[in-house]
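Working notes, beginning with the structure itself.
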Amino acid sequence: MNCKLQVNCARLVICCVALAWAAGLALAAETYSLSQSAGAPPAELPAALRDVVAADGLEVKGAGGVLCDIWLRKEVPLAAGATQELGVTFGQIAEGTLIGVMRIGTDTTDYRNQKVKAGLYTLRYAWAPVDGNHQGIAPQRDFALLSPVAEDSDPATIPREVALKRSAKTTGTKHPSVWSLWPGDDSASAPALKYQDDSQSWLLTFRLALAGGAKLPVGLVVWGHAPEA
């Protein structure tokens, strides 16, 4: 390869990288806002789920319309015993526990950058496994699994493997739809939405009501992807 061709190739690579970087910035620059009352849960939500979620929801909206509405569970049951698993933040909740319902308003992507269609879904708590395929995806192992309500209409806690299998119906692949959970702000009394520069993600923070009256500060990444996604 002659010098002139090498220079042209180098310029092409630089241009491609610059375009990709600019595209990433454009996506990250999307601004979202939070409304603390999105109205009652949808009428099409099965009665068993409607009975356990709050009457008022949280709505996240962007320039293109509503990204999602979330109705949190009124009272999240506690695990028989809090786990001591390394990297788990919310060990007082058992895997497979329903924590809320989410309505996706417009087609989007989850934390793994998998496509998620607009629709009505459940959110169940789970941990990322400790293996080479999941290292570095988030500072903690806590995630919410998104499953179609049509596949998951009973609020009872279910085994981890069942939750994973149902969530895979969301993506149409072998991998479940995962949404990263972060420690919330213990000093905040109201839900909030903030942009995280380091991870280029939007974090919705709220207090999750636990059985016994405790309020657990939790953050849910409603837009953003894992570093390797």
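Residues in the stretch 149-182 that are in a helix (DSSP H, G or I), out of contact with any Ser or Thr (no Cβ under 6 Å at 6 or more places or on another chain), closer than 15 Å to Glu95 by Cα and small (Gly, Ala, Ser): 1 in all. The single condition among (1) at pLDDT below 95; (2) in contact with a helix residue (DSSP H, G or I) (Cβ under 6 Å, 6 or more places away or on another chain); (3) under 22 Å from Gly91 (Cα atoms) that Arg124 does not satisfy is (1). Cβ separations smaller than 6 Å between residues 6+ apart or across chains give the following pairs from the stretch 43-72 residues that are farther than 11 Å from Gly100 by Cα to residues that are of a type in the set (Phe, Trp, Tyr) and part of a loop (DSSP other than H, G, I, E, B): Val60/Tyr32; Gly62/Tyr32.
Here the condition is being within 22 Å of Pro77 (Cβ to Cβ) and among the small types (Gly, Ala, Ser); of Ser189, Ser199, Ser177, Ser167, it holds for Ser167 alone.
The values are calculated or read from the model by the stated rules, or taken from the named source; none is laboratory data. Just so you know, these numbers come straight off a predicted model, no measurement behind them. No Cβ is skipped: glycine too gets one built from the backbone with ideal geometry, and neighbour counts run over all protein chains shown.
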